[in-house]
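Read the structure below first, then the notes.
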Amino acid sequence: MSSLPIADLILAEMDQRASAANVPRHRRLYEAIRSAVLARRLPVGSKLPSTRDLAKDLGLSRNTVVTAFEQLLAEGYVSARTGSGTFVADTLPEPAGREVAPVPSSTFTHQDGATAPQHAPNLGTIAADFAALSVRGRRVAKHAAGHRYEIQPFVPGDDDYSAFPIKLWQRLQNKYWREARPELLDYGQNGGYLPLRRAIADYLRVSRSVRVTVEQVLITGGTQHSLDLCAQLLADTGDTAWVEDPCYWGAQRVFESRDLDLHPVRVDDEGMNPLPEDLQRVPRLIYLTPSHQYPKSVVMSLARRRLLLDIAARTGAWILEDDYDSEFRYTGRPLSSLQGLDANERVVYMGTFSKILYPGIKVGYMVVPPALVAPFRSALYDLQRPGQMMQQAALADFLEQGHFATHVRRIRQIYGQRRELLQRTLAPILGSTATISKEESGLHLVIQLPAGSDDERLAEEAAEQGLHVRALSSYYIGPEKERGLVVGYAYVPTDKIAYYGRLLGNVVKAAASGRR
């Protein structure tokens with residue numbers, strides 16, 4: 001049989017790759033034959049020309065062809081038979097549709113009640129296919145949180161990381177790169193870089209009244225990471241987690257992804273308010289933001305803190321205290337932590353540097369009760385293989401040398417000015433149509449709207465003006481939802497606050513006028 005028909009087919013495949021000028025010829029030949037084999041343009045069992053004949057037909061050196069054949073043989077696309085030649089391997093799977101029973105097009109029902117079309121996967125298509133996900137995967141993916149991180153005026157939760165002292169930070173990091181200490185290139189063991197853990201413990205003792213030893217401090221990848229570790233180690237599938245209602249969406253996603261049963265407990269002006277009916281659902285975890293509730297902005301009262309600590313002690317629950325922005329209190333001293341009141345060691349305290357320094361630093365910390373130190377430290381290493389030791393070392397210097405305290409004082413003043421200016425701008429525009437939260441702390445405020453307001457539509461109208469606020473109702477899990485707008489003011493230049501504040505105030509005022 002002449003080798004020309006096969007040579008022509010291979011040459012046509014190679015011509016399609018002609019634009020890949022930097023790809024060696026033997027690689028282009030290999031890819032051409034492989035493509036023809038996979039597409040069955042070279043059927044199973046087909047005999048390939050000899051390396052000498054194919055080199056002649058294609059105008060290539062024999063070494064080029066031999067190299068390509070050796071690669072095809074090594075990967076199983078062809079087989080060589082001594083004295084007979086080289087053949088297309090017969091180990092490839094049957095093509096779709098040949099001797100394979102079709103998958104019925106009926107629907108199936110998942111254990112959460114959702115239905116999805118049952119069909120064979122289209123491996124040539126990359127698209128959002130929620131039916132291909134697990135029940136857990138669909139719960140997590142349906143929220144599509146990526147758009148929430150668009151940097152626009154008034155986006156809640158973002159800090160002004162343009163104020164971060166970058167040159168100083170570069171100098172601290174460069175010091176450790178110049179030293180080239182091998183231990184800083186390894187995974188983080190023993191809960192993180194010891195000097196950083198020591199600096200955090202010292203800081204929390206003084207500023208947050210946290211009861212802590214260095215051994216109790218673990219360095220994590222941030223609050224989400226800390227919450228996920230707690231959900232894995234302290235609760236089992238189906239266990240009840242009490243969460244604030246409204247609740248930080250990131251905590252919801254973590255607990256849902258670990259198959260916990262979320263039980264929303266209403267938040268009032270004193271924080272989470274468990275009622276007798278809530279106590280019918282005995283919690284394994286209780287998630288709280290007591291120093292500055294997210295998103296309602298209220299501060300948990302001392303009486304409520306003691307109540308929740310008592311519930312945890314009586315039920316054996318673990319309280320997860322998320323102290324995400326406690327540094328930003330603009331009147332008086334920062335409030336003491338809930339953990340500092342805990343005599344029964346039922347509180348896991350967690351914080352993050354992402355709200356204070358810059359989001360991408362991805363360094364957070366946990367203070368775990370003494371009984372949990374060993375298992376948490378072991379799991380942190382076994383499950384996550386944490387690293388970033390160079391960054392941890394630079395951060396330790398940042399704290400120990402006083403730069404952190406200086407930075408916090410500076411941005412606290414900036415954010416306090418922005419908050420006050422935004423309140424002064426909004427108040428005369430809104431008048432009696434809405435109420436602005438008065439708590440002097442955090443990175444956001446809440447515009448409370450009358451019952452019946454469509455806060456999600458208002459958020460959309462604000463987005464049309466280039467403003468990114470969030471509907472308060474979207475944070476609720478239970479059926480009863482308050483209406484309002486969650487407004488971040490940290491990531492807005494001070495000289496632009498009044499301008500953007502007027503835009504937002506007029507959006508709310510116009511909607512209120514339309515309701516009359």
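All of the numbers you see were taken from the coordinates with simple rules; none came from a lab. Source: prediction; values computed, not measured. Virtual Cβ from ideal backbone geometry, glycine too; neighbours counted across all protein chains shown.
Put simply, the convex hull of the Cα atoms in region 161-405 casts, on average, a shadow of 13.0 nm². Residue by residue, region 467-473 carries 3J(HN,Hα) couplings of 10, 10, 10, 10, 6, 4, 4 Hz when phi is fed to the Karplus relation 6.51 cos²θ - 1.76 cosθ + 1.60 (θ = phi - 60°); x denotes Gly or Pro.
Considering only beta bridges that DSSP places wholly inside region 161-405, some 35 percent are antiparallel.
Two tests apply to each whole DSSP H helix in the chain, Cα reach of 24 Å or more along its axis and mean Kyte-Doolittle hydropathy of at least 1.0, and none passes both. Once you divide the Cα radius of gyration of region 4-88 by 2.2 N^0.38 Å, the number left is 0.98. Using only the C-alpha atoms, the convex hull of the chain corresponds to 237 Å³ per residue.
Take the Cβ atoms of ASN174 and SER50, set R0 to 60 Å, and the FRET efficiency comes out at 0.50.
FRET efficiency for the LEU279 to GLU464 pair, using the beta carbon distance and R₀ = 60 Å, is estimated at 0.85.
A full extension of the chain between LEU383 and SER257 corresponds to an added length of 43.8 nm, given 0.36 nm per residue minus the alpha carbon distance.
For the pair ARG81 and TYR499 in one chain, pulling the backbone fully straight at 0.36 nm per residue adds 142.5 nm over the alpha carbon distance. Note that region 220-346 shows a convex hull volume over its alpha carbon atoms of 106 Å³ per residue.
Around the Cα centre of the chain, unit charges on the Cβ atoms of Lys, Arg, Asp and Glu (plus for the first two, minus for the last two) sum to a dipole of about 1140 debye. For the chain, adding -39500 (n - 2.57) for each run of n ≥ 4 DSSP H residues and dividing by the number of residues yields -12000 deg cm²/dmol at 222 nm. Taking each of LYS355/LYS496; LYS167/LYS296; LYS175/LYS362 in turn, the alpha-carbon distance tops 30 angstrom for LYS167/LYS296. For the pair region 168-231 / region 387-457, the C-alpha centres are spaced 25 Å from each other. DSSP finds beta bridges in the chain, and of those with both partners inside it, around 65 percent are antiparallel.
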